[in-house]
Amino acid sequence: MELRSVEELMDLLHACWHQHALRTAALLRRSRPADKELQVAGLVQDIGQLICPGDERLGAERAAEAVRPLLGERVYRLVRRHGPAHDDDLLRLRLADEESRTAGLDAGVLEDWRTVLELVAARNSRLGAVD
C-alpha cells in the first residue's frame with residue numbers, strides 16, 4: 001500500500017481512528033511545536049494496526065512504507081521506529097506514545113491535523129522534485 005495524497009491518508013486515519021493517536025500528536029506539538037514531521041509521525045503511527053492487524057512490528061513497517069512517498073524519509077523512519085537507541089526523536093515519539101495512553105488531554109479532532117499533513121506532504125514533494 002502506498003498513499004499518494006493527504007485525502008487518502010485522512011480516509012485511512014478515519015478508518016483506524018484512535019483517540020490515542022490524536023493525543024500523541026498533541027503531546028508532541030506541545031513539546032516540539034516547530035517539528036511538524038515528528039507530530040505527524042505520532043499521528044499516523046497507528047495505521048499499521050489497520051494494515052496489518054495483530055502484528056505490531058510488521059504493522060509499523062507497513063505503515064512506514066505507506067506514508068513514505070507522501071510524508072518523506074524522516075516520517076518513514078520515525079513511524080518504522082527503527083534507528084539508534086539514542087535517537088532523540090524516536091525517544092520523544094515513544095515517550096509521547098506512552099504518555100498519550102494515560103493522558104486525559106482533549107486533543108481536538110482529526111480534521112484539525114489536515115493542514116499539518118498538507119504542509120509536510122508539500123515540503124516532501126518539493127524536496128523530492130529537487131533531488
Using only helices, what value at 222 nm comes out for the chain when you add -39,500 (n - 2.57) per DSSP H run of length 4 or more and divide by the total residues, to the nearest 500 deg cm²/dmol? -21000 deg cm²/dmol
Return a whole-number percent for the relative contact order of the range 1-78, with Cα pairs under 8 Å and 6 or more residues apart as the contact set. 34
What is the gain in length, in nm to one decimal, between residue 125 and residue 102 on full extension, counting 0.36 nm per residue of separation less the C-alpha to C-alpha distance? 4.7 nm
The chain: relative contact order as a whole-number percent, Cα under 8 Å and 6+ apart: 31
The chain: equivalent-ellipsoid semi-axes (sqrt of 5 x gyration tensor eigenvalues, Cα, Å): 20, 16, 16
With +1 assigned to the C-beta of every Lys and Arg and -1 to the C-beta of every Asp and Glu, and no other charges, what is the dipole magnitude of the chain about the Cα centre in debye, to the nearest 20? 280
Quick shape check on the range 22-77: root eigenvalues a ≥ b ≥ c of the Cα gyration tensor, a/c under 1.5 is rounded, otherwise prolate if a/b tops b/c, else oblate, and it reads oblate
Springs between alpha-carbon atoms under 10 Å, Gaussian network over the chain: tell me which of 108, 48, 72 tops the mean-square fluctuations. 108
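Here, each number is a calculation from the coordinates, and none is a lab measurement. Given the structure is predicted, the values throughout are model-derived calculations rather than measurements. Virtual Cβ from ideal backbone geometry, glycine too; neighbours counted across all protein chains shown.
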